[in-house]
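Here's the structure, in structure tokens; my notes come after.
The values are calculated or read from the model by the stated rules, or taken from the named source; none is laboratory data. Model, not experiment: these values are computed from the prediction. Cβ placement follows ideal geometry from the backbone for every residue including glycine, while neighbour counts extend to all protein chains displayed. Each accessible area value is taken on the protein alone, full model and side chains, heavy atoms only, with ligands, DNA and RNA left out. Shrake-Rupley method; radii C 1.70, N 1.55, O 1.52, S 1.80 Å.
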Amino acid sequence: MATDTAAPVPAAPPAPAPAEAPEAPQAFPVTVRVRRFLPDEGPEPFWQDFTVDVFPTDRILDALHKIKWEQDGTLTFRRSCAHGICGSDAIRINGRNRLACKTLIKDLDARKPIIVEAIKGLPLEKDLVVDMEPFFASYREVMPFLITSGNAPTKERLQSAEDRAIFDDTTKCILCACCTTSCPVFWTDGQYFGPAAIVNAHRFIFDSRDEGAEARLEVLNTKEGVWRCRTTFNCTDACPRGIEVTKAIQEVKRALIHR
């Protein structure tokens, strides 16, 4: 008589060894060399070194906070959102215009002193703070707002995706002044409108809903307008938003030639 034989139950596989926890990042000291200017103490800027403990993922803004909060409360700099949107913490870091809140320690050579100074071409007020009024005066002069005629509309002004794409890049500007204060022409001639003003003029000149393009082109068709650009691409390299600044300036030049 046949009998049923139960199949053997396979042994359970051994439990995997617990994964080792990744080693926590360690803080290490870096030297931040700040070009300071204290108008109440003397007429000339001077360099001052600070040593702070930072993590690789810390930002330059974090290092500046540690200096101000823990070592020298007189250190002066601008910052607001700390997330690369407000544009208020533009400074020169190792000779390049950057936002302090977007520049990580690990992206710099921390074995050497990190050089921090104010952006160039604008009047220095204190430490890393400059007078932004000349920059915003040029910005206001290009009329950076929608100009239309007739009665106020009763619904939104429609625009195709294709028309929007023409000027989409220049809508990203956060007015940090990184591009303008990286321009050699602006350094030597404070009357030059500068890349940021031209970028914001571009944003409306090529907007299909706007009717003020001719007026803006007239403003920029002067000896201090777009023709002062020498196409060095410093502005494009400096822009923290990745705007093709030099390309926008050339498009405004072409608009002037072909109008």
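Going through the stretch 131-141 one residue at a time, which ones are part of a loop (DSSP other than H, G, I, E, B) and either among the basic types (Lys, Arg) or crowded, with 16+ Cβ neighbours inside 10 Å (or both)?
Answer for the stretch 131-141, where residues must be part of a loop (DSSP other than H, G, I, E, B) and either among the basic types (Lys, Arg) or crowded, with 16+ Cβ neighbours inside 10 Å (or both): just MET132.
Collect the residues in the stretch 183-216 that are open to solvent by 10 Å² or more (accessible area, probe 1.4 Å) and touching a Cys at 6+ places or on another chain (Cβ under 8 Å), keeping them in residue-number order.
Hits for the stretch 183-216 are CYS183, VAL185, ASN200, ARG203.
From ASP131, ASP107, ASP49, grab the single residue that is touching an Asp or Glu at 6+ places or on another chain (Cβ under 6 Å) and on the phi < 0 side of the Ramachandran plot.
ASP131
Going by what's in this entry, would ASP189 be described as of a type in the set (Asp, Glu), touching a residue at least 12 places away in the same chain (Cβ under 8 Å) and in contact with a Phe, Trp or Tyr (Cβ under 8 Å, 6 or more places away or on another chain)?
Against the criterion (of a type in the set (Asp, Glu), touching a residue at least 12 places away in the same chain (Cβ under 8 Å) and in contact with a Phe, Trp or Tyr (Cβ under 8 Å, 6 or more places away or on another chain)), ASP189 does not qualify.
Pull up the stretch 24-48, narrow it to residues that are more than 22 Å from the chain's Cα centre (by Cα) and under 16 Å from ASP109 (Cα atoms), then point me to the one that is surrounded by the fewest Cβ atoms within 10 Å (Cβ to Cβ).
PRO29
Which of the residues belonging to the stretch 75-86 are without any contact (Cβ under 8 Å) to a residue 40 or more places away in the chain and surrounded by fewer than 16 Cβ atoms within 10 Å (Cβ to Cβ)?
SER80, CYS81, HIS83
When the stretch 89-117 is examined, which residues are found to be surrounded by 20 or more Cβ atoms within 10 Å (Cβ to Cβ) and among the small types (Gly, Ala, Ser)?
Across the stretch 89-117, the qualifying residues are ALA90, ALA100.
Residues that are charged (D, E, K, R), free of Cβ contacts under 8 Å to residues at least 12 places away in the same chain and out of contact with any Ser or Thr (no Cβ under 8 Å at 6 or more places or on another chain): does the stretch 45-60 have at least one?
Taking every residue of the stretch 45-60 in turn, none turns out to be charged (D, E, K, R), free of Cβ contacts under 8 Å to residues at least 12 places away in the same chain and out of contact with any Ser or Thr (no Cβ under 8 Å at 6 or more places or on another chain).
Out of the residues in the stretch 148-178 meeting the condition of being among the aliphatic types (A, V, I, L, M) and modelled with pLDDT under 95, tell me which one is most open to solvent (accessible area, probe 1.4 Å).
Among them, the one singled out is LEU158.
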